[in-house]
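What follows is a single structure, written as structure tokens, with notes after it.
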Amino acid sequence: MKDPSRTNQKRLEEISILKRKIKELEHSESERKRAEEALQRSVKEALRLAKENEIVAEIGRVISSTISIEEIYKAFSEKVREFVPFDRIVINLIDPERGIVSCQYHEGIFVSGRQGGDVLPSEGTATEQIRRTGKGFIIQSESAIEIGKKYPGLQPELQHGIRSFLTVPLISKDHVIGGLALRSRKSGAYTDHDLMLAGNIANQIAGAISNAQLFIERKRAESQREAAIEALRESEKRYRELSIVDDLTQLYNSRHFYFQLKIELDRSNRYGQPLTLLLLDLD
């Protein structure tokens, strides 16, 4: 006859082994799920990075295909919207000597005094901060008062409900020439990844903006030079007229008479033809 105690002990051991195997299987299944989730995250991240790199490359192709800064701004804005959310996008240029910021391009929420062509003092603006530091930054809070105290230059945008501000520098030849600004009405809209991505995009467009500005300045200088030459020609013409025309009667004076006489005498001598002078005394 079998010993009941030994039989129970054996069953307890078998149950313990079975529980251990179940735990091992559960652990293995859990590890498998974690591995699958990690793989899915890696694939998703790889696809996202590939998409971002494709868009950045496309921006580069747009920039290299045209010298029209307006076309560049428009295409640039459309591409940025594909992966960084914004309710307003602005490109500002800095004139540190005059202490001003000029808005070159904007799209989205209308903000009075912050549209294309507008000029404002740089003090207290986000663009002025990136000029000093050379680094991009994010401001985002539910409190407009809190943001406005630190950055009074953002008050007009705060009044239009904007609560998230992402600004990165436009750097050309180691100089900050301006800033790319993305704005959102949603608090906490931007991440450090968005900041990095916006910085990469800004690097693409900064050189194009610098080249476009140089082209515009050269065209302006050429126009000014041509205007100065034309003004000089007009001045010389007027001076010649004043030297041969009597100011009172507006008739040719004796200087013009002797000048013209020499021309006619030379012509007469050259072709062997007679020259006749008719003198009239008019009262």
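Read-outs: derived from the displayed coordinates by stated rules, not from any lab. If you're wondering where the values come from, they're calculated on a predicted model, not measured in any experiment. FYI the Cβ positions are ideal-geometry reconstructions off the backbone, even for glycines, and counts take in every protein chain you see.
For the pair F257 and I145 in one chain, pulling the backbone fully straight at 0.36 nm per residue adds 32.1 nm over the alpha carbon distance. Remark on S122: its backbone amide H falls under 5 Å from those of I100, V101, a criterion applied only to residues 5 or more positions apart or on other chains, H modelled at 1.01 Å from N. Which of the GluC sites (Glu not before Pro) found in region 107-190 are loop residues per DSSP with 12 or fewer other Cβ atoms within 10 Å of their Cβ? Answer in residue order: E123, E142.
Over region 152-253, what portion of Cα pair distances is larger than 18 Å, expressed as a whole percent?
Cα-Cα pairs in region 152-253 separated by more than 18 Å: 70 percent.
Using R₀ = 30 Å, calculate the FRET efficiency as 1/(1 + (r/R₀)^6) where r is the Cβ-Cβ separation of L242 and D95; round to 0.05.
Working: r = 43 Å, r/R0 = 1.43.
Using R0 = 30 Å, I get an efficiency of 0.10.
3J(HN,Hα) along region 68-79: 7, 5, 5, 5, 5, 4, 5, 5, 4, 4, 5, 6 Hz, from the Karplus curve 6.51 cos²θ - 1.76 cosθ + 1.60 with θ = phi - 60°, whole Hz, x for Gly and Pro.
Can you work out D for region 68-225 in µm² s⁻¹ from Stokes-Einstein, where Rh is the Kirkwood radius over C-alpha pairs, the temperature is 4 °C and the viscosity is 1.567 mPa s? Display every interim value, and only then the final one.
Details: Rh = 15.8 Å.
It comes out at roughly 82 µm²/s.
Annotation for region 231-273: GluC sites (Glu not before Pro) lying in DSSP loop with at most 16 further Cβ atoms inside 10 Å of their Cβ do not exist. Were the residues from V119 through R233 laid out at 0.36 nm apart, the gain over their Cα-Cα distance would be 37.4 nm.
Looking at the square roots a ≥ b ≥ c of the eigenvalues of the Cα gyration tensor of region 78-151, which shape do they give, rounded for a/c under 1.5, prolate if a/b is larger than b/c, or oblate?
Numbers: a/c = 1.45, a/b = 1.12, b/c = 1.29.
Here region 78-151 falls in the rounded category.
Relative to the Cα centre, the charge distribution of region 191-283, modelled as +1 at Lys and Arg Cβ and -1 at Asp and Glu Cβ, gives a dipole magnitude of about 420 debye. Here the contact order of region 153-283, divided by its residue count and restricted to Cα pairs under 8 Å and six or more residues apart, works out to 15 percent. Only Lys, Arg, Asp and Glu carry charge here, each on its Cβ (+1 for the first two, -1 for the last two); on that basis region 148-187 has a dipole of about 220 debye about its Cα centre. Take the convex hull of the alpha carbons in region 138-177; its mean projected area over all directions comes to 3.2 nm².
Quote the charge dipole size of region 127-283 about the Cα centre in Debye, to the nearest 20; the model charges only the Cβ of Lys and Arg (+1) and of Asp and Glu (-1).
Values: 22 positive and 20 negative charges, 169 e Å.
Here region 127-283 has a charge dipole of around 820 debye.
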